[in-house]
């Protein structure tokens, strides 16, 4: 391991490091944006790269062996797509997809960079790495080329789907359902690294990250923690409840209080908290599932979010994959009850979710893990030029379709601004 004082590194070192890392066919970067004091929790800043990776077991059941290897010197970096639901339940994914992500993939980096408070650590293959990063130039952002993004589901179809979900709720099918839609463009050419940094600038988030898997890229500005912890104690922090930030401090506080006291938003959040509690109870020691914070209000650049925290002490002998099997997909992206909600999601949505509403994270050799919820993200295929963003909102019987559509556009604002800013630089 090499250790370099942060003070000895140039101010743009992270930008150089990611530019260098993006040349590898497997690259995972985790960015907390120094929001630990403003967010419920955040990623540890880390970067892992590999040129070639060993085949990953294709299912959660088979993944347990490699993740629990005690000889593993470096973390496992990777992702779990929403479509892993089909392994866990009798479900399927038949809608259109512009991507070809594997259901899940984890790799061990050849080289791993981990940022501490005052030092950078380089693990694995270290020879020449620092010099290579310092010699890497960060090119000026080139404007993307290609057509503008358009919705795969028309506004009228989305509003109709919300009404259908409300009818399902009235009929007792579900209590709540997270309905999502895709905006996309084809034959786009863009610089994934430059676009990620623009997204990170306009929508900084505590669970942001950059992922390259061959020609597939994830540019993520997620504010949401799926699960963090270890095989003894797990924390989940579901988000349900959104308000636009106010233009002045006084109006901003009014918006925060309006979100905190909105009965519909509180009901949405509480239903998902109950679902997460039930999920964690499947792997927790009896009586240890707790809610240390209910209805916390957290401000991000464009929006206020209502975030709750659920913790659980895990029963001895269970692995991370046991925890994933009990909790995935996350309730904040499905609704309740979870299985019926996922069946209806497949029926009403026009696009396969894939990595969207899946999870991106890592597992350290000591068993500590951090996984986000993949939302507020751009996905891009360099080989085909397919560019996509997906957004959604939680539908309850009290939902007003036009307001739910407006919430989707609000959540898309940071991603669209990132693309628009790059285009016009």
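Any read-out appearing in this document is the output of simple, stated calculations on the displayed coordinates, not a laboratory observation. In this text the structure is predicted, and so the values were computed from the model without any measurement. Glycine gets a Cβ as well: all are built from the backbone with ideal geometry, and neighbour counts include every protein chain shown.
Observations
- A full extension of the chain between residue 189 and residue 293 corresponds to an added length of 33.1 nm, given 0.36 nm per residue minus the alpha carbon distance.
- Under a Gaussian network description of the chain, with springs only between Cα atoms under 10 Å, the residue in 360, 13, 295 that fluctuates furthest is 13.
- Across region 80-192, the relative contact order, built from alpha-carbon pairs under 8 Å that are at least six residues apart, equals 22 percent.
- Taken along the Cα-to-beta-carbon direction at a fixed 7 Å, the label points for residue 97 and residue 62 span 1.6 nm.
- Part-to-part distance (alpha-carbon centres) for region 1-50 and region 364-425, which is given in Å: 22 Å
- Compactness of region 215-335 - radius of gyration and Dmax, Cα, Å: 16.0, 52
- Modelled this way, with points 7 Å down the Cα-to-C-beta line, the labels at residue 157 and residue 368 are 4.5 nm from one another.
- Between residue 2 and residue 126, residue separation times 0.36 nm minus the direct Cα-Cα distance comes to 43.9 nm.
- For the chain: relative contact order, % (alpha-carbon pairs under 8 angstrom, 6 or more apart): 24 percent
- Ratio of Rg to Rh over region 189-239 (Cα coordinates, Kirkwood Rh, two decimals): 1.09
- Label positions at residue 90 and residue 140, each projected 7 Å from the Cα along the C-beta direction, are separated by 6.1 nm.
- The GNM of the chain, with springs linking C-alpha atoms under 10 angstrom apart, assigns the highest mean-square fluctuation among 137, 341, 250 to 250.
- With neighbour counts taken as other beta-carbon atoms within 10 Å, the residues 338, 264 rank, fewest first, as 264, 338.
- In terms of surrounding Cβ atoms within a 10 Å radius of their Cβ, 97, 393 rank from fewest to most as 97, 393.
- Between region 184-263 and region 100-157, the Cα center-to-center distance that results, in Å: 16 Å
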